[in-house]
1. Being assigned to a loop (DSSP other than H, G, I, E, B) and at pLDDT 90 or above narrows it down to one residue among GLY39, GLY61; which is it?
2. Among the residues of the range 134-152, write down those that are open to solvent by less than 50 Å² (accessible area, probe 1.4 Å) and in contact with a strand residue (DSSP E or B) (Cβ under 6 Å, 6 or more places away or on another chain).
3. Taking only the range 73-104 into account, find how many residues are buried (at least 19 other Cβ atoms within 10 Å of the Cβ) and among the hydroxyl-bearing types (Ser, Thr, Tyr).
4. I need the full set of residues from the range 153-183 which are surrounded by 17 or more Cβ atoms within 10 Å (Cβ to Cβ) and among the polar types (S, T, N, Q), in order please.
5. From the list VAL109, VAL96, VAL139, which residue is modelled with pLDDT of 90 or more, among the aliphatic types (A, V, I, L, M) and more than 16 Å from ALA176 (Cβ to Cβ)?
6. Is it true that SER115 is more than 19 Å from VAL85 (Cβ to Cβ), modelled with pLDDT under 85 and among the polar types (S, T, N, Q)?
Amino acid sequence: MATMRLATLSFLIIALAMKPLLITCKDVNDAVVVVDYEGNPILSNKSYYIRPLSFISGGIGLEYNSHSQYYIALQGSEIDPGLPVSFSPKLNISGVVHESSNLLIRFHVFKDDKSNQWKVNEKAEKRGEYLLSAGRKTVKDNWFQIVKSSKGAYKIMYYPGQSCKSVGVSDQRRLAITDHIALNVQFFLHENKK
């Protein structure tokens, strides 16, 4: 009996030791579908507005600065939905976006598609944060993931390949990679009106 307890205890200790203690992104094999505000699956061929869970600001859009760069930022007005984005999963078999799958995020603003893709600035800003901007189409180190939040919404995570980092808000309403609180968001389908 003591041998059986010792074997069970040893198994539990080994199993717990093999589980990472750091918070990381979920395994893609969990394959939970990301849904919009109305509960419909997010599709890679549709456009969506990204809104913060607390409607204290507008949706996510672009802010142009004096250095000819477009930063990704929360819009100043609560009624401004921001700019529509689409999600391009790295492995897109079904056309549905899954939680914790690597994806690119693109605005639908510029016709030439040169400055639409979300990317992380190489330059470190204040407090070790890296601001997000829109730039040329590239896949190098610009993978993001959508992860369910504990508040009933989602958070966007930056995934450079080792572990996930939260996308939060800097002191100027700009989106940034941060070790602090992640921005909780919801997705709203963009209705194309012609």
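The values are calculated or read from the model by the stated rules, or taken from the named source; none is laboratory data. On a predicted model such as this, the values are computed, not experimentally measured, just so you know. Every residue, glycine as well, gets a Cβ built from its backbone with ideal geometry; the counts of neighbours run over all protein chains shown. The area values use the complete protein model at the heavy-atom level, side chains included, leaving out ligands, DNA and RNA. Shrake-Rupley method; radii C 1.70, N 1.55, O 1.52, S 1.80 Å.
1. The conditions single out GLY39.
2. ALA134, GLY135, ASN142, PHE144, GLN145, ILE146, VAL147, SER149
3. Going through the range 73-104 one residue at a time, the tally reaches 3.
4. Selection gives SER166, SER170, THR178.
5. The unique qualifying residue is VAL96.
6. Working: more than 19 Å from VAL85 (Cβ to Cβ): no; modelled with pLDDT under 85: yes; among the polar types (S, T, N, Q): yes.
Considered against the rule, which asks whether it is more than 19 Å from VAL85 (Cβ to Cβ), modelled with pLDDT under 85 and among the polar types (S, T, N, Q), SER115 comes out as no.
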